[in-house]
Amino acid sequence: MERENNTVMTGLLGYPVSHSLSPLMHNYAFRHLGLAYHYAAFAVPPHLLPSAVEGIRALGFRGCNLTIPHKVAVIPLLDELDEEARLIGAVNTIVNEKGALIGYNTDGKGYLRSLTEETGILLSGGKAVILGAGGAARAIAVTLARSGLKEIVIANRTRDKAEELASTVFAAALKPAVPAVRVVSLEQAAEKVADAGLLVNTTSIGMTPHTEDCPLPTEVLHAELVVSDLVYAPLETALLRAAKKAGARTHPGVGMLVHQGALAFQYWTGREAPLKLMYETVWNELKSK
Ligand code: NAP
């Protein structure tokens, strides 16, 4: 099927998608660069994912993003998988190369870029504590394991998921610089923070409307830490407020959101993404809520 006009379509497949800031962020960026692209969000229930992915080919979409619950289920529907997506075991970006659908994962790299740009952290030889073992934790843990850390602690409410993630992380690490990977309970995570350089909250604890919730006791935070919180609504979580008070450097979730989008933007358009504009767009939208 050939499109009748010149607009290049991209979008998001998820369920639900109504809360997503990606259409706003990408459409501002396309307009800013004068690109005849459009990004739309589609609520696709799980049983219709194969038809939706086939639709990307049939309708000639340039690509799309994937969010909960499709990041893993989409893999068998694609023609090729990028190395990072294969290691992480999840895809958040599809690029349509003349009918061949290639799966990428920009979450881990987006997180790392935003972390290093915003905090200047040196990861080599350090220790990170990751709270959570869900989809976002997978991308972050695998990426951090390939960044020269000497130790990674994974703490999750459901221990089995943390154990499974630890095996994935161990297998994905770059030889010979394989970090020690430990699994602890969320309660035990507090004592592991004392000699860590990075603490990452990948759980949804602290998200609106539960904005006073914190994933661990704030007394354990200290000035040598960089504290990342993936939660971006609110813009500053209770964890980040406490981290600031303890003298730690903080890294809010909005940076990862923008950088993972910017990388997808670059895959689709071949152009450098207008990062500052995308950041301001998302920031202003979140602030107004
Ligand atoms: P997910 O796959 O559903 O994982 C959720 C994680 O949070 C699991 O580890 C879960 O533990 C834990 N959790 C949830 N409620 C909890 C509670 N009450 N007590 C303890 N642990 C709890 O979700 P996800 O996709 O990884 O997303 C996680 C968070 O990251 C969300 O807030 C999301 O908005 C945010 N996120 C941000 C970005 C960004 O760009 N900034 C990107 C992706 C995600 P169990 O395994 O025990 O259920």
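The values are calculated or read from the model by the stated rules, or taken from the named source; none is laboratory data. Quantities reported herein were computed from a predicted structural model and do not represent experimental measurements. Positions of Cβ are backbone-derived with ideal geometry, glycine not excepted, and every protein chain shown enters the neighbour counts. Protein only, heavy atoms only, side chains kept; ligands, DNA and RNA dropped before computing areas. Shrake-Rupley method; radii C 1.70, N 1.55, O 1.52, S 1.80 Å.
Filtering the range 107-132 down to residues that are among the small types (Gly, Ala, Ser) and open to solvent by 10 Å² or more (accessible area, probe 1.4 Å), which residue is farthest from the ligand (Cβ to nearest atom)? In this case the residue turns out to be Gly125.
I need the helices (runs of 4 or more DSSP H) fully contained in the range 156-253, keeping only those with at least 1 residues that are open to solvent by less than 70 Å² (accessible area, probe 1.4 Å) and closer than 28 Å to Trp283 by Cβ. Where helices (runs of 4 or more DSSP H) fall fully within the range 156-253 and carry at least 1 residues being open to solvent by less than 70 Å² (accessible area, probe 1.4 Å) and closer than 28 Å to Trp283 by Cβ, they are 238-245. Can Ala137 be described as hydrophobic (A, V, I, L, M, F, W, C), open to solvent by less than 10 Å² (accessible area, probe 1.4 Å), in contact (Cβ under 8 Å) with a residue 60 or more places away in the chain and in a helix (DSSP H, G or I)? So Ala137 passes the test.
Can you name every residue in the range 80-106 that is open to solvent by less than 60 Å² (accessible area, probe 1.4 Å), more than 16 Å from the ligand (Cβ to nearest atom) and of a type in the set (Asp, Glu)? The answer is Asp82, and nothing else. Taking the criterion of being β-branched (Val, Ile, Thr) and touching a residue at least 40 places away in the same chain (Cβ under 8 Å), the only residue of the range 144-163 that qualifies is Val153. The range 1-93 holds helices (runs of 4 or more DSSP H) entirely within its bounds, and those carrying 1 or more residues that are farther than 26 Å from Tyr279 by Cβ map to 49-59, 83-88. The residues of the range 268-278 that are crowded, with 19+ Cβ neighbours inside 10 Å and either within 13 Å of the ligand (Cβ to nearest atom) or closer than 13 Å to Gly110 by Cβ (or both), listed by number, are Ala273, Met278.
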